[in-house]
Amino acid sequence: MAGRRTIAVLALQGDFAEHEQSLRALGAEVREIRQAADLSSPFDGLVIPGGESTVMGKLLRELSLFEPLKARLAEGLPVMATCAGLILLAKRIQDDPALHFGTLDVTVRRNAYGRQLGSFFTRGSFGTMENVPMSFIRAPSIEEVGPGVEVLSRFEGRATAVRQGRQLAMAFHPELLADGRLHGYFLEEVCR
Ligand code: GLN
């Protein structure tokens with residue numbers, strides 16, 4: 001049951017508060033990760049919010065959160081990552097020498113939708129769900145996916161949401177919209 005899950009939300013930067021609200025609305029228990037000591041209590045899954053991947057990557061390292069979280073992700077900790085979070089998980093980042101957790105077998109390109117169309121709203125399918133609202137904000141594109149990666153959503157032919165085992169990542173922001181289905185999917189299908 002979603003109600004009994006405890007989800008850790010990386011709360012260093014970005015729109016973590018909106019994720020917390022979405023998770024609580026579904027009955028999940030929420031715990032913020034702000035420093036290494038916050039990792040000592042147990043949790044069932046992790047949310048990495050949108051924001052700025054370079055800033056979050058730097059803070060993760062400065063606060064000694066990077067290595068322990070990377071190890072847990074490699075061990076199969078369920079994770080839901082949105083936008084900058086997707087960039088943090090990606091194995092390959094085009095046109096950027098930075099690499100962060102590198103646990104998700106995709107190639108991403110930062111700020112891929114250009115300055116004019118930097119932010120937009122659309123609706124689309126996500127797996128078997130239809131008409132899911134999706135808010136893109138200076139979003140990365142997913143340029144390539146590895147063989148073990150399932151594509152759950154596309155926009156104009158390009159993958160926008162993927163799952164690889166217990167890693168769920170999307171280029172858009174479901175947390176900014178009232179539709180709780182994707183957080184529900186994470187709690188029910190990925191954190192099982
Ligand atoms: N453009 C940001 C980055 O490259 C991501 C934007 C977002 O998370 N909304 O990190």
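Mind listing whichever residues of segment 114-136 are surrounded by 16 or more Cβ atoms within 10 Å (Cβ to Cβ) and either over 14 Å from GLY85 (Cα atoms) or away from the ligand (no atom under 14 Å from the Cβ) (or both)?
Here is the first cut: in segment 114-136, the residues surrounded by 16 or more Cβ atoms within 10 Å (Cβ to Cβ) are 124, 126-127, 132-136.
Matches in segment 114-136: GLY124, PHE126, GLY127, VAL132, PRO133, MET134, SER135.
Per this entry, LEU152 is not counted among residues that are outside any loop (DSSP other than H, G, I, E, B), touching a helix residue (DSSP H, G or I) at 6+ places or on another chain (Cβ under 8 Å) and either open to solvent by less than 60 Å² (accessible area, probe 1.4 Å) or not hydrophobic (A, V, I, L, M, F, W, C) (or both). In the condition set (1) in a loop (DSSP other than H, G, I, E, B); (2) open to solvent by 30 Å² or more (accessible area, probe 1.4 Å); (3) away from the ligand (no atom under 11 Å from the Cβ), ASN111 is compliant with all but (3).
Within segment 128-140, residues that are over 19 Å from LEU89 (Cβ atoms) reach partners that are charged (D, E, K, R) with beta carbons closer than 6 Å, at six or more positions or on different chains, in the pairs MET129/ARG181; ASN131/ARG123; PRO133/ARG123; PRO133/ASP179.
Only a single item in (1) over 26 Å from SER141 (Cβ atoms); (2) open to solvent by less than 40 Å² (accessible area, probe 1.4 Å) is not met by ALA36, and it is number (2).
Just a yes or no: is a residue in segment 54-76 modelled with pLDDT of 95 or more, in contact with a Cys (Cβ under 8 Å, 6 or more places away or on another chain) and either under 17 Å from ASP15 (Cα atoms) or surrounded by fewer than 24 Cβ atoms within 10 Å (Cβ to Cβ) (or both)? No: segment 54-76 contains no residue that is modelled with pLDDT of 95 or more, in contact with a Cys (Cβ under 8 Å, 6 or more places away or on another chain) and either under 17 Å from ASP15 (Cα atoms) or surrounded by fewer than 24 Cβ atoms within 10 Å (Cβ to Cβ) (or both). Picking from residues in segment 77-100 that are open to solvent by less than 10 Å² (accessible area, probe 1.4 Å) and in a strand (DSSP E or B), the one that is nearest to the ligand (Cβ to nearest atom) is THR82.
Looking at segment 167-188, is at least one residue at pLDDT below 95, open to solvent by 50 Å² or more (accessible area, probe 1.4 Å) and either among the β-branched types (Val, Ile, Thr) or within 18 Å of HIS19 (Cα to Cα) (or both)? Scanning segment 167-188 turns up at least one residue that is at pLDDT below 95, open to solvent by 50 Å² or more (accessible area, probe 1.4 Å) and either among the β-branched types (Val, Ile, Thr) or within 18 Å of HIS19 (Cα to Cα) (or both). Give me a count of the residues in segment 3-14 that are surrounded by 19 or more Cβ atoms within 10 Å (Cβ to Cβ), of a type outside the set (A, V, I, L, M, F, W, C) and within 14 Å of the ligand (Cβ to nearest atom). Looking only at that region, the number is 1. Checking each residue in segment 1-40 for being in contact (Cβ under 8 Å) with a residue 12 or more places away in the chain and small (Gly, Ala, Ser) picks out ALA2, GLY3, ALA8, ALA11, GLY14, SER22, ALA25, GLY27, ALA28, ALA36. Can you name every residue in segment 139-161 that is charged (D, E, K, R) and at pLDDT 95 or above? Correct list: GLU143, GLU144, GLU150, ARG154. As a summary of the residue check, ALA139 satisfies the conditions (1) open to solvent by less than 10 Å² (accessible area, probe 1.4 Å); (2) within 19 Å of GLY14 (Cβ to Cβ); (3) not in a loop (DSSP other than H, G, I, E, B) except for the one numbered (3).
The values are calculated or read from the model by the stated rules, or taken from the named source; none is laboratory data. As the structure is a computational prediction, the values presented were derived from the model and not from experiment. Cβ coordinates were reconstructed from backbone atoms using ideal geometry, including for glycine residues, and neighbour counts include every protein chain displayed. Please note that ligands, DNA and RNA were not included when accessible areas were found on the heavy atoms of the full protein model with its side chains. Shrake-Rupley method; radii C 1.70, N 1.55, O 1.52, S 1.80 Å.
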